[in-house]
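Student: Here it is: the structure, laid out below.
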Amino acid sequence: MTRIPSKAEILEWISAHPTHNSKRDIAKAFGIKGSDRIDLKRILKELEAEGHLEKRKKTYRDPDRLPPVSVLMVKGPDDNGDLFARPLEWHGEGVEPVVLVLPRASDPALGEGDRILARLTLVQDADYHYEARLIRRVGTNPRRVIGIFRRHDEGGRIVPIDKAASTEWTVAENATHGARDGELVEAEQAGPKTRLGLPRARVVERLGDPSAPKAVSLIAIHQHGIPDHFPDTVIAEADAAKPMGLKGREDLRDMPLITIDPADARDHDDACYAHADDDPKNPGGHVIWVAIADVAAYVRPGTALDREARKRGNSSYFPDRVVPMLPDRLSGDLCSLHEGVPRACVAVRMQIDADGNKIGHRFVRGLMRSAASLHYGEVQDAMDGMPTERTEPFLEPVIKPLYAAYAALVKARADRQPLDLDLPERKIVLDEKGNVVSVNFRDRLDAHKLIEEFMILANVAAAETLIKKRTPLLFRVHEEPAPEKLDALRETARAAGLSLAKGQVLQTRHLNALLNGAAGTDDAELINISTLRSMQQAYYNVENFGHFGLALRNYAHFTSPIRRYADLIVHRALISSHGWGEDGLDPQEIERLEQTATHISDTERRSMMAERDTTDRYLAAYLAERVGNEFEGRISGIARFGCFVKLDETGADGLVPVRSIGREFFHFDAEAGTLMGADTGLTLAVGQRVTVRLAQATPVTGGLELELLAIGDDPMPVGGGARRSPAGRSMKRKSTKAKAKRSKIKRKVERKRRK
């Protein structure tokens with residue numbers, strides 16, 4: 001009879017022979033034959049049940065070791081150029097293994113996010129655990145999903161949190177990553193998509209309790225792939241930075257520059273000062289100084305800080321947190337213009353005439369000391385005759401001259417006529433635990449508008465300087481609306497009894513005339529929303545196509561280098577063009593400016609979507625306790641599957657499903673943007689005032705489902721025929737005009753059916 005090895009001997013052999021670990025290999029190694037294999041099978045089953053081994057098809061392996069052939073996700077090179085990867089099949093306990101990829105000359109170039117199949121070798125006495133040799137690339141950027149994990153006997157399922165996603169994902173037992181039932185997880189597609197059955201996924205990260213208030217923004221951060229962790233090398237570079245001195249800089253420390261920001265601002269990247277121009281050739285004119293933190297002095301091209309800032313593209317702002325572009329050592333300290341502290345800056349001195357037209361400017365690299373860090377409300381109160389002990393000393397020498405210069409800029413703005421939309425911005429107020437306590441609309445004070453006009457003027461000055469000096473830069477581009485979107489806006493205006501001229505070169509003054517015509521009417525919000533939707537999205541480009549919305553020919557972002565990479569590029573361009581130092585644009589950076597423009601335009605849109613999704617989820621959580629309540633609102637969008645309603649009280653958007661509107665078929669007219677009932681002629685269109693009932697609120701997705709109760713003063717129809725009031729009184733059918741419109745739609749549908 002053959003001696004059966006002990007459990008310890010089997011484990012030792014498997015550890016020494018990771019590539020030969022099938023039951024057949026083990027039996028052959030120990031000379032086990034015939035019926036003795038039954039005992040070997042029993043021992044292997046016991047080791048598996050005890051957690052010492054994990055069955056992998058027909059082989060066994062140590063669960064705390066990676067399989068010899070594994071799927072890895074490439075992380076990207078470190079500061080030394082070494083390429084590391086993350087094992088996607090790690091299910092052991094303790095610290096996740098570190099894998100160094102050793103590329104051969106014949107291997108294809110690998111980049112961050114690539115998925116590879118690699119052969120692994122365990123190493124000893126190194127600062128990593130495995131070395132990997134590429135077998136083949138297995139695809140890049142597999143589809144990812146954020147959802148709630150629901151466990152069952154053979155693994156689990158993932159219920160997506162995305163409002164637009166309806167398909168669940170199935171997760172095998174060996175791909176759960178230890179996720180618990182009800183936990184929020186991030187997963188990625190596992191294997192090719194099949195025609196039948198649910199798609200398969202593997203859990204790659206556990207995100208915790210989805211009902212926790214502060215998980216709301218975390219969901220959006222992970223869902224949209226926003227980097228929220230700084231690598232150690234980036235933190236080390238930031239921590240090593242020191243304050244800048246006066247060498248090579250103009251001394252601005254005695255100038256009473258002040259910062260004006262929101263009351264809860266953590267960083268201050270712009271400061272301003274103004275005074276009457278003493279030049280006799282410019283009667284009634286003003287001099288405006290705008291000083292911006294000199295981020296380029298700390299974030300040099302090619303450094304780890306620079307690579308990470310470019311990767312992020314911009315900071316992302318959520319009600320409970322900020323995901324910054326730069327570590328706090330810079331964004332909250334060395335590059336923040338704190339009161340009373342010397343700080344490096346790039347400043348522009350701008351000269352304007354009595355009518356607010358810029359007649360000259362010059363840039364300097366300086367050292368400033370903020371005289372005060374004030375917030376918008378207290379500055380406005382001081383100007384309105386309610387100064388505090390804090391603002392009183394600055395009222396006459398600083399605040400009033402700022403408003404005087406702003407008054408001149410208002411004249412120039414009125415002449416230039418940038419697009420003047422009136423769309424209140426929501427502000428979600430949270431308590432310390434992250435719960436929503438109120439939803440307000442942000443104030444629009446003259447103090448806000450003052451800073452905006454100063455920053456716009458400084459951005460124009462930066463663009464004009466770099467154009468004149470023929471220095472490459474990134475322009476902020478906003479192209480005019482597409483013709484088809486303007487046609488849709490004209491239709492909306494016509495329905496509201498207004499008009500938008502056709503057959504001429506469109507200017508913002510034409511759109512402002514439309515907005516002014518709607519001001520004060522029930523259609524004002526509709527016209528503002530429709531005008532906004534007709535606009536193109538602004539972006540960054542190496543070519544200058546102008547800024548339509550601001551009615552400016554030359555425009556670049558210069559005033560926020562702490563939170564926008566585009567501004568950092570412009571600062572470097574100014575440094576190069578003025579010969580201020582070696583930290584300007586380098587040749588490699590200039591070569592990839594076009595690529596940078598595309599990348600940071602994408603990261604900006606990514607942040608906007610994440611911020612919008614977070615707001616939706618917070619609003620859904622806020623309204624969840626008011627399910628069944630009635631709200632007033634306005635139809636803000638029409639789709640084949642229903643209509644969207646923006647609620648007056650909170651600005652939240654909810655869906656009225658077409659299936660809930662009535663027992664009749666609704667025709668969707670994409671061109672007109674309407675839904676029309678085939679039997680009643682009931683027409684739903686953007687802009688209509690409605691009363692709705694909140695039927696469902698789902699905080700984890702941000703979804704609101706509404707029930708339509710009334711359009712204007714008319715209650716909804718009962719049944720598929722005559723419309724009835726709440727008392728049950730029959731209401732007259734639609735007018736002859738409505739009947740004719742229904743007939744036209746039916747004929748159109750019949751023609752399409754015949755085709």
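Student: Quick check on my link table: of Lys400/Lys449; Lys311/Lys449; Lys281/Lys400, which ones sit more than 20 Å apart, alpha carbon to alpha carbon? Spell out each step's value before the answer.
Tutor: Working: Lys400/Lys449 15 Å; Lys311/Lys449 31 Å; Lys281/Lys400 23 Å.
Cα-Cα > 20 Å for Lys311/Lys449; Lys281/Lys400; rest within.
Student: So which trypsin sites (Lys or Arg not before Pro) in the stretch 561-631 are both in a DSSP loop and have at most 13 other Cβ atoms within 10 Å of their Cβ?
Tutor: Arg592
Student: So, one more: For Cα pairs less than 8 Å apart in space and 6+ apart in sequence, what is the mean separation divided by the residue count of the stretch 481-601, i.e. the relative contact order in percent?
Tutor: Relative contact order here is 20 percent.
Student: Under a 1.4 Å probe, what is the accessible area of the stretch 108-263 per residue, stated in Å²? Don't skip to the answer; put the middle values down first.
Tutor: Numbers: 8660 Å² over 156 residues.
Computed with neighbouring chains in place, this is 56 Å² per residue.
Student: Take the alpha carbon atoms of the stretch 367-398, find their center, do the same for the stretch 199-237, and report the distance between the two centers in whole angstrom.
Tutor: 40
Student: May I ask which residue of Gly225, Val204, Gly248 lies farthest towards the positive end of the charge dipole of the stretch 174-269, with charges of +1 (Lys, Arg) and -1 (Asp, Glu) on Cβ and the Cα centre as origin?
Tutor: Towards the positive end, the residue furthest out is Val204.
Student: Please give me, ordered by residue number, the trypsin sites (Lys or Arg not before Pro) of the stretch 384-485 that lie in loop per DSSP and have at most 13 other Cβ atoms within 10 Å.
Tutor: Qualifying residues, ordered by number: Arg390, Lys433, Arg442, Arg444, Lys469, Arg470.
Student: Hey, another quick one. How big is the stretch 166-281 in terms of Cα radius of gyration and Dmax, in angstroms?
Tutor: Gyration radius and largest Cα-Cα distance of the stretch 166-281: 25.9, 82 Å.
Student: As a test of the formula, what do you get for the chain when each DSSP H run with n ≥ 4 contributes -39,500 (n - 2.57) and the sum is divided by the residue count, at 222 nm and rounded to the nearest 500 deg cm²/dmol?
Tutor: Calculated from helices alone, the mean residue ellipticity at 222 nm is -9000 deg cm²/dmol.
Student: Next question, about the same structure. How much length is gained on full extension from Arg136 to His375, taking 0.36 nm per residue of separation minus their Cα-Cα distance?
Tutor: 80.4 nm
Student: Quick one: grab the alpha carbon gyration tensor of the stretch 585-696, order the square roots of its eigenvalues as a ≥ b ≥ c, and give me rounded if a/c is under 1.5, else prolate or oblate depending on whether a/b is larger than b/c.
Tutor: Verdict is oblate for the stretch 585-696.
Student: If you don't mind, there's one more thing I want to ask. Cross-link candidates for Lys485: which aspartates and glutamates have Cα within less than 15 Å, leaving aside residues fewer than 8 places away along the same chain?
Tutor: Glu671
Student: Let me ask something else. What nm distance separates the two modelled labels at Thr233 and Ser106, each placed 7 Å from Cα along Cα→Cβ?
Tutor: With each label placed 7 Å out from Cα toward Cβ, I get 2.9 nm.
Student: When only C-alpha pairs under 8 Å and at least 6 residues apart count, what is the relative contact order of the chain, in percent? It would help to have the intermediate numbers written out before the result.
Tutor: Working: 1440 pairs, mean separation 63.4, N = 755.
Normalised by residue count, the contact order of the chain is 8 percent.
Student: Still on this structure, I have one more. Normalised radius of gyration for the chain, please: alpha carbon Rg relative to 2.2 N^0.38 Å, two decimal places.
Tutor: Taking N as the residue count of the chain, the ratio is 1.17.
Student: Roughly speaking, to the nearest percent, how much of the chain's 1.4 Å accessible area is carbon and sulfur? The partial results should precede the final answer.
Tutor: Working: 18400 of 37800 Å².
Answer for the chain is 49 percent, counting heavy atoms of protein chains only.
Student: Next up: Cα-Cα pairs above 24 Å in the stretch 430-523: how many percent?
Tutor: 56
Student: Provide the FRET efficiency to the nearest 0.05 for the Lys485-Asp522 pair, computing r from the beta carbons and using R0 = 22 Å.
Tutor: Result of the calculation: an efficiency of 0.40.
Student: Nearest 5 is fine: what % of DSSP beta bridges in the chain come out antiparallel, could you say?
Tutor: About 90 percent, rounded to the nearest 5.
Student: Another one. For the stretch 518-569, what are the per-bin percents of Cα-Cα distances with bins 10 Å wide, up to the bin holding the maximum?
Tutor: 20, 35, 27, 16, 2
Student: Taking each pair of distinct Cα atoms in the stretch 501-633 once, what is the resulting Kirkwood hydrodynamic radius in Å?
Tutor: When all Cα pairs of the stretch 501-633 are included, the Kirkwood radius is 19.0 Å.
Student: Additional query: The stretch 454-572: Rg/Rh from Cα coordinates, Kirkwood Rh?
Tutor: 1.07
Student: On to the next question. Which shape class applies to the stretch 305-392: rounded if a/c is under 1.5, otherwise prolate when a/b exceeds b/c and oblate if not, where a ≥ b ≥ c are the square roots of the Cα gyration tensor eigenvalues? Display every interim value, and only then the final one.
Tutor: Details: a/c = 1.84, a/b = 1.29, b/c = 1.43.
Oblate.
Student: So if each residue of separation counts as 0.36 nm, and I subtract the Cα-Cα distance between Val123 and Asp714, what length gain in nm does that give?
Tutor: Computed gain between Val123 and Asp714 is 205.1 nm.
The values are calculated or read from the model by the stated rules, or taken from the named source; none is laboratory data. Values in this document were obtained by computation on a predicted structure and should not be read as measured data. Please note: Cβ atoms are built from the backbone with ideal geometry, for glycine as well, and neighbour counts cover all protein chains shown. With ligands, DNA and RNA removed, areas are computed over all heavy atoms of the protein, side chains included. Shrake-Rupley method; radii C 1.70, N 1.55, O 1.52, S 1.80 Å.
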